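Working notes for the structure below.
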Amino acid sequence: GDPAESFVEVGAITHPAQITKVERQVADAIARGGTVVCGGQRRDGPGRLFPPTVLDVPPDALVAREET
């Protein structure tokens, strides 16, 4: 959310390449049989907003093997 708002606890992703990486890792986890417990997709609106996400993934998923 907008960091100027007092109620916002999680801000936007700073760099465009980072949100692309997160989306790729989530898609890979799902393709490998993982499940999204919560979050999991970019939010509409201005900025690069991706809510906190919890995944249940197999050990070969990209998100389990590389830094997000």
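FYI, it's all coordinate maths here, none of it is from the lab. In this text the structure is predicted, and so the values were computed from the model without any measurement. For neighbour counting, all protein chains shown are included, and Cβ atoms are generated from backbone atoms with ideal geometry for every residue, glycine included.
In nm², what is the average projected area of the convex hull enclosing the Cα atoms of segment 13-68? Provide the component values of the computation, followed by the final result.
Working: hull surface 14.5 nm².
Result: 3.6 nm².
Can you list the GluC sites (Glu not before Pro) in the chain that are in a DSSP coil and have 12 or fewer other beta carbons within 10 angstrom? It would help to have the intermediate numbers written out before the result.
Numbers: sites: 5, 9, 23, 66, 67; in loops: 5, 9, 66, 67.
For GluC sites (Glu not before Pro) across the chain that sit outside H, G, I, E and B with at most 12 neighbouring Cβ atoms in 10 Å, the list reads 5, 9, 66, 67.
Identify the trypsin sites (Lys or Arg not before Pro) of segment 1-66 meeting these criteria: DSSP loop state and at most 14 other C-beta atoms within 10 Å of the C-beta.
On the way: sites: 21, 24, 32, 42, 43, 48, 65; in loops: 32, 42, 43, 48.
Those that pass, being in a loop and sparsely packed, are 43.
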Please give, to one decimal in nm, the separation of the simple spin-label points placed at residue 43 and residue 7, each 7 Å out from Cα toward the Cβ. 1.1
Run the numbers on the chain and let me know its relative contact order in percent, using alpha-carbon pairs under 8 Å that are six or more apart. 32
Longest principal axis of the chain (C-alpha) makes with the long axis of helix 16-31 (C-alpha) an angle, in degrees to the nearest 10, of 40
Cα centre as origin, Lys/Arg/Asp/Glu Cβ charges: the chain dipole, Debye: 180
